[in-house]
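The values are calculated or read from the model by the stated rules, or taken from the named source; none is laboratory data. All of these numbers come straight from a predicted model, not from anything done at the bench. Note: ideal-geometry Cβ built from the backbone for every residue, glycine included; neighbour counts use all protein chains shown. Areas reflect the complete protein model, heavy atoms only, side chains present, ligands, DNA and RNA absent. Shrake-Rupley method; radii C 1.70, N 1.55, O 1.52, S 1.80 Å.
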Amino acid sequence: MSRRRQIYEGKAKILYEGPEPGTLIQYFKDDATAFNAQKKGTISGKGVLNNRISEHVFTLLGTIGVPTHFIRRLNMREQLIRQVEIIPIEVVVRNVAAGSLSKRLGIEEGTQLPRTIIEYYYKDDALGDPLIADEHIACFGWASQEEMNDIADMAVRVNDFLCGLFAAIGIRLVDFKLEFGRIWENDYARVILADEISPDGCRLWDMTTNEKLDKDRFRRDLGGEAEAYQEVARRLGLLPEGENSVLDLDQHRAKRGK
Ligand code: UDP
């Protein structure tokens, strides 16, 4: 593994050079950060679960025609992806008030929003990923108007699909973050969904108990983060029945030679 060339190391993932030009290997770490990396820790088994959950979600999105960077999962912690030029915008979709929206506007967490909100943040750790408007995106040329239209359309489709997917397993999709990238085909650039979709970048609440099944458990020191991520994977049908721990999952895969 270490012989491969590392392209980039982020807070939760590492990117390595892929086997063919235009591909990368995305490695999922157990590291967790919050509050712009001021809080650091690890969630044991998180990387394995996020790799699997993201694979599942991206594969399903592919089947409804949302283009993504996902090619295939390689092993427990790695997936093969298409190399993209990341658009430096974090796209946040909100269905229910929580987190920074609640804080910024004084709206109680858990308030159902009368309509879905799409927000944009400038992806810059040094600046703390500030909230931006379309005007900033256009002014500084971070994405074209056409690209922003495609991004907003895809964000709405992803939200509709994920709301249904999670509702079917008793989970409310409160909000989530998406990232997009450009791929070049001759002189033409196309925008596709990149990064990951996992409990690291989503707020997922149990529909009956409102229990948090996402990274807020880590952010807010609630404990039980690994169990929460596992519960999401289990409800998505990604953990074999009766085998509940990541360790079991590990052994199961090993037995099957994956
Ligand atoms: N989010 C993320 N990465 C970020 C910021 C936010 O994945 O750098 C996700 C977060 O998990 C939540 C949604 O985007 O599901 C909205 O986050 P919010 O703006 O409320 O910020 P937070 O409260 O996490 O600081």
**Item:** Unmet criterion (only one of (1) more than 16 Å from the ligand (Cβ to nearest atom); (2) open to solvent by 10 Å² or more (accessible area, probe 1.4 Å); (3) not acidic (Asp, Glu)) for residue 163
**Value:** (1)
**Request:** Tell me which residues, restricted to the stretch 141-160, are surrounded by fewer than 20 Cβ atoms within 10 Å (Cβ to Cβ) and among the β-branched types (Val, Ile, Thr).
**Result:** 156
**Request:** Mind listing whichever residues of the stretch 71-101 are out of contact with any Gly (no Cβ under 7 Å at 6 or more places or on another chain), within 23 Å of residue 49 (Cα to Cα) and away from the ligand (no atom under 12 Å from the Cβ)?
**Result:** 71, 72, 73, 74, 75, 76, 78, 79, 81
**Prompt:** Of (1) modelled with pLDDT of 95 or more; (2) assigned to a loop (DSSP other than H, G, I, E, B); (3) open to solvent by 70 Å² or more (accessible area, probe 1.4 Å), residue 199 satisfies all except one. Which?
**Reply:** (3)
**Residue check for residue 173: outside any strand (DSSP E or B) and under 21 Å from the mean Cα position of the chain (by Cα)** = no
**Asked** Looking at the stretch 50-58, is at least one residue among the β-branched types (Val, Ile, Thr), surrounded by fewer than 19 Cβ atoms within 10 Å (Cβ to Cβ), closer than 25 Å to residue 203 by Cβ and touching a residue at least 12 places away in the same chain (Cβ under 8 Å)?
**Response** no
**Request:** Among the numbered conditions (1) β-branched (Val, Ile, Thr); (2) part of a strand (DSSP E or B); (3) open to solvent by 50 Å² or more (accessible area, probe 1.4 Å), tell me where residue 92 comes up short.
**Result:** (3)
**Asked** Does any residue of the stretch 110-121 turn out to be without any contact (Cβ under 8 Å) to a residue 24 or more places away in the chain, more than 11 Å from the ligand (Cβ to nearest atom) and open to solvent by less than 50 Å² (accessible area, probe 1.4 Å)?
**Response** yes
**Filtered residues of the stretch 209-223 (kept if farther than 18 Å from residue 163 by Cα and loosely packed, with under 15 Cβ neighbours inside 10 Å)** = 220, 221, 222, 223
**Request:** List every residue pair whose Cβ atoms sit under 6 Å apart, with the two residues 6 or more apart in sequence or on different chains, where the first one lies in the stretch 194-218 and is without any contact (Cβ under 8 Å) to a residue 12 or more places away in the chain and the second, anywhere, is more than 11 Å from the ligand (Cβ to nearest atom) and open to solvent by less than 10 Å² (accessible area, probe 1.4 Å).
**Result:** 217/228
**Item:** Scan of the stretch 66-81 for residues that are closer than 25 Å to residue 189 by Cβ and touching a residue at least 60 places away in the same chain (Cβ under 8 Å), ordered by number
**Value:** 66, 67, 68, 69, 80, 81
**Prompt:** at pLDDT 95 or above and either open to solvent by less than 10 Å² (accessible area, probe 1.4 Å) or more than 16 Å from the ligand (Cβ to nearest atom) (or both): does that describe residue 107?
**Reply:** no
**Message:** Here's a check for you: in the stretch 1-46, which residue that is open to solvent by 80 Å² or more (accessible area, probe 1.4 Å), more than 14 Å from the ligand (Cβ to nearest atom) and outside any strand (DSSP E or B) is nearest to residue 198 (Cα to Cα)?
**Reply:** 44
**Item:** Single condition residue 138 does not satisfy, out of (1) open to solvent by 20 Å² or more (accessible area, probe 1.4 Å); (2) of a type outside the set (Asp, Glu); (3) more than 14 Å from the ligand (Cβ to nearest atom); (4) touching a strand residue (DSSP E or B) at 6+ places or on another chain (Cβ under 7 Å)
**Value:** (4)
**Prompt:** Restricting attention to the stretch 59-89, which residues are among the acidic types (Asp, Glu) and surrounded by fewer than 17 Cβ atoms within 10 Å (Cβ to Cβ)?
**Reply:** 85
